[in-house]
Amino acid sequence: MNPRRIPLIAGNWKMHHGGASGLDLALEVAKLSRELRGVEVVVAPPFTVLAAVAQSLEELAEQRGLLVGVAGQNMHFEEKGAFTGEVSAPMLVDAGCRWVILGHSERRQLFGETDELVARKTKAALEHKLHPIVCVGETLEERTAGKTLEVVLRQVRAAMPALISARGAAVIAYEPVWAIGTGKVATPADAQEVHAAIRAELLKEGGDAIATPTRILYGGSVKPDNARALLAQTDIDGALVGGASLDVAQFGGILQAAAALVGGAA
Ligand code: PEP
């Protein structure tokens, strides 16, 4: 972590908690975040419960000053049209989102999303004042072949014009594909090496005004017991959490680990 960047912990619920249980989970997360200072928290529920979660968190924010941002897990780059099953940036904004996860490895691998498509979505999100969380990461095959940086930097470069135009409002999530949902986590040193390379690329292409404020999250089997060591790395500015974000105690443990590093733990 670096004191110039506020740590961000985002929970990606994937295809879980699309109904009343999603509202309950969001409220529990809001309660947890009330105990902490200095950490930004985001939840990404399924589309079916986005508006309800955003509305109840907004009401809580008004009553008690709690702030937990809400993210879509994906979006289309067009504003509207004949795109059955898709959701657009203005629709996410309408539902109360300020964030959107883009290019998650599951979208890239299972739904054929390319670097170009992710870049288009990133640009569209920013045009609608959504903060994109742009996911990048190598497969196990690519890592074994020594291609980690080549792959990750290619993915970052594709979104670079949008990342530069965002001037720090966009977030990058480095998620090695082999670490997602597998229980295998990158070592803090390996993760830091990739994060530093991403920041160096931001510096080369966009200068300090982009490289310094842009937050780079780590994702891939983050749990309370490994969070602190990862988050302590200079270029790791937070975490994108899948499985552990579905469990209040585990997500709370990760939030506590982040807060402890910035002196804001309960
Ligand atoms: C994710 O899906 O973005 C993720 C990091 O999942 P997990 O934490 O379960 O590995």
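The values are calculated or read from the model by the stated rules, or taken from the named source; none is laboratory data. Note that the structure is predicted; figures quoted are calculated from it, not measured. Here the Cβ positions follow ideal geometry from the backbone for every residue, glycine too, while neighbour counts run over all protein chains shown.
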(message) Being of a type in the set (A, V, I, L, M) and either within 20 Å of Phe251 (Cβ to Cβ) or in contact with a Ser or Thr (Cβ under 6 Å, 6 or more places away or on another chain) (or both) narrows it down to one residue among Val70, Val87, Val93; which is it?
(response) Val70
(message) Here are the criteria: (1) within 23 Å of Gln256 (Cα to Cα); (2) in contact (Cβ under 8 Å) with a residue 40 or more places away in the chain; (3) of a type in the set (A, V, I, L, M); (4) away from the ligand (no atom under 16 Å from the Cβ). Tell me which single one Leu50 does not satisfy.
(response) (1)
(message) Can you go through Leu163, Leu126 and tell me which one is surrounded by 17 or more Cβ atoms within 10 Å (Cβ to Cβ), under 15 Å from Phe77 (Cα atoms), touching a residue at least 40 places away in the same chain (Cβ under 8 Å) and away from the ligand (no atom under 16 Å from the Cβ)?
(response) Leu126
(request) Output yes when any residue across the stretch 57-73 is among the basic types (Lys, Arg), in contact (Cβ under 8 Å) with a residue 24 or more places away in the chain and assigned to a helix (DSSP H, G or I), and no when none is. (result) yes
(message) It is to be established whether one or more residues within the stretch 193-206 are closer than 29 Å to His128 by Cβ, surrounded by fewer than 21 Cβ atoms within 10 Å (Cβ to Cβ) and of a type in the set (Gly, Ala, Ser).
(response) yes
(request) Look at the stretch 173-193 and say how many of its residues are in contact with a His (Cβ under 9 Å, 6 or more places away or on another chain) and among the β-branched types (Val, Ile, Thr). (result) 1
(request) Would you check if Glu116 is in a helix (DSSP H, G or I), loosely packed, with under 15 Cβ neighbours inside 10 Å and either of a type outside the set (A, V, I, L, M, F, W, C) or within 13 Å of the ligand (Cβ to nearest atom) (or both)? (result) yes
(request) Could you please find all residues in the stretch 23-52 being part of a helix (DSSP H, G or I) and in contact with a His (Cβ under 9 Å, 6 or more places away or on another chain)? (result) Leu23, Asp24, Leu25, Ala26, Val49
(request) Counting only residues that are within 15 Å of the ligand (Cβ to nearest atom), give me the helices (runs of 4 or more DSSP H) lying completely in the stretch 168-238 with at least 1 of them. (result) 188-206, 224-231
(message) Restricting to the stretch 56-80, and then to whatever is over 16 Å from the mean Cα position of the chain (by Cα) and at pLDDT 95 or above, can you tell me which residue is surrounded by the fewest Cβ atoms within 10 Å (Cβ to Cβ)?
(response) Lys80
(message) in contact with a Pro (Cβ under 7 Å, 6 or more places away or on another chain) and assigned to a strand (DSSP E or B): is that true of Val100 in this structure?
(response) yes
(request) Would you point out the residue of the stretch 239-250, among those that are farther than 20 Å from Ala170 by Cα and outside any loop (DSSP other than H, G, I, E, B), that is nearest to the ligand (Cβ to nearest atom)? (result) Gly243
